[in-house]
Amino acid sequence: LSKRIIAKNNDDETGRLIATLNDLLDRLEEAFSREKRFTSDASHELRTPIAIIRAHAEENLKEGRSVEECQHALKIIQKQTDYMSHLVGQLLLLARSDTKQLSIEKENLNLTELIEIVVEEMQELALRKNIDIAMDIEDDLAIYGDQSMLTQLLINFLDNAIKYTPSGGNVYIRAKAQNNQIEIEIKDTGIGISKEDQAYIFDRFYRVDKSRSRASGGSGLGLSICQWIIKLHKGNIEIESEVNQGSTFTIFLPQSR
Ligand code: ADP
């Protein structure tokens, strides 16, 4: 596929046609290699939990294992199974987003209520790390969007904020309407993200620290799903972060009236 057609004269009709064809070839080639990388990354991600499950199953099928040892192994197996099922769900979502098979169901929503419900659900997780989620949300923020996707979006950002903030830290969520846009800010006092890494965190499977992310059930797919949801809602995202100081993600979505 990497063969290029060479035009005799770049300025005439044929030359321009050839240039367009070459451009098309480039794009096809890039799409193929992206697809290949995605499949190989996905297989790799699934292979790790399978290997862990297998090792624990084999070890504990041997004679003489105590009940405690078996129970410990079963807990690990359960955790890995949960992770795999979460990962497969994310992969399916992304695959459907690629083929545009996903139906998006937009309706008029009260974003204020949606945020309050999600924060309430995430409090338990935060509490386990002694993290406080502080809220400053304007009343009756109206948005035209897909409820389950926006819920997923908020969960992903809050989950990351909690995951990448050490115990005792703080997470803030603020939302307001400004210039026909809704601004949602999710801020944490966590480990932060370096400038170099900021360029890649929305890429599929990209994780700054693989072992840290995996230990907390991360797959590196959350932010690419978020970016896609934001795009489907014709929004934008900005990030500000300082290593060891914390991160602020600001999502801009069109306000509905
Ligand atoms: P993961 O499942 O690994 O959390 P994401 O796609 O949600 O995957 O995020 C990609 C990477 O971006 C994470 O692995 C982490 O390194 C970094 N990251 C995301 N959110 C934060 C945050 N609030 N603070 C620090 N790092 C973050």
Taking the Cα centre of the chain as the origin and placing charges on Cβ (Lys, Arg +1; Asp, Glu -1), which of I5, Q90, S247 is farthest toward the positive end of the dipole?
-> I5
Among Q152, N170, F38, which residue has its Cα positioned farthest towards the positive end of the charge dipole of the chain, with +1 placed on the Cβ of Lys and Arg, -1 on the Cβ of Asp and Glu, and the dipole taken about the Cα centre?
-> F38
Kindly report the accessible area of the chain per residue (heavy atoms of protein chains, probe 1.4 Å, no ligands, DNA or RNA), in Å².
-> 62 Å²
Dividing the mean separation of Cα pairs under 8 Å (6+ apart) by the residue count of the chain yields a relative contact order in percent of 15 percent
In nm, the gap between the two label points placed 7 Å beyond Cα toward Cβ at K234 and Q71 is 5.7 nm
Check: in region 54-178 the Lys pairs 8 or more apart or on separate chains whose Cα atoms fall under 23 Å apart number 8
Kirkwood estimate for the chain, i.e. one over the average of 1/r between Cα atoms, Å | 21.2 Å
Beyond 22 Å, the calculated P(r) of region 86-181 holds a percent of Cα-Cα pairs equal to 40 percent
Kindly provide the trypsin sites (Lys or Arg not before Pro) of region 21-72 that DSSP labels as loop, not H, G, I, E or B, and whose Cβ sees at most 14 other Cβ atoms within 10 Å.
-> K62, R65
Restricting to aspartates and glutamates and to Cα separations under 20 Å from K8, and discarding same-chain partners fewer than 8 apart, the set is D23, D26
Run through every distinct alpha carbon pair of region 1-88 and return the Kirkwood hydrodynamic radius in angstroms, one decimal place.
-> 17.3 Å
Convex hull projection area averaged over all views, region 98-244, Cα basis, nm² | 9.0 nm²
Calculate what fraction, in whole %, of the accessible area of the chain sits on carbon and sulfur atoms when a 1.4 Å probe is rolled over the protein chains.
-> 51 percent
With the Cα gyration tensor of region 197-246 giving a ≥ b ≥ c as the square roots of its eigenvalues, does the rule (a/c under 1.5 for rounded; else a/b larger than b/c for prolate; else oblate) give rounded, prolate or oblate?
-> oblate
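Roughly how many debye, to the nearest 20, is the charge dipole of the chain about its Cα centre, given +1 on each Lys and Arg Cβ, -1 on each Asp and Glu Cβ, and no other charges?
Around 980 debye, computed over the chain.
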Between L61 and Q181, how many nm apart are label points set 7 Å from Cα along the C-beta direction?
-> 5.7 nm
Given a cut-off of under 8 Å on Cα pairs at least six residues apart, what relative contact order in percent is computed for region 137-225?
-> 24 percent
Counting Lys and Arg as +1 and Asp and Glu as -1, what is the net charge of the other residues whose Cβ lies under 13 Å from the Cβ of T248?
-> -4
16 Å reach of a label modelled at A95, 7 Å along Cα-to-Cβ, counting backbone N of region 27-49 = 35-47
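The values are calculated or read from the model by the stated rules, or taken from the named source; none is laboratory data. Just so it is clear, the model here is predicted, and its values are computed rather than measured. Every residue, glycine among them, receives a Cβ derived from its backbone with ideal geometry; neighbour counts consider all protein chains shown. Quick note on the areas: whole protein, heavy atoms, side chains included, nothing else; ligands and nucleic acids left out. Shrake-Rupley method; radii C 1.70, N 1.55, O 1.52, S 1.80 Å.
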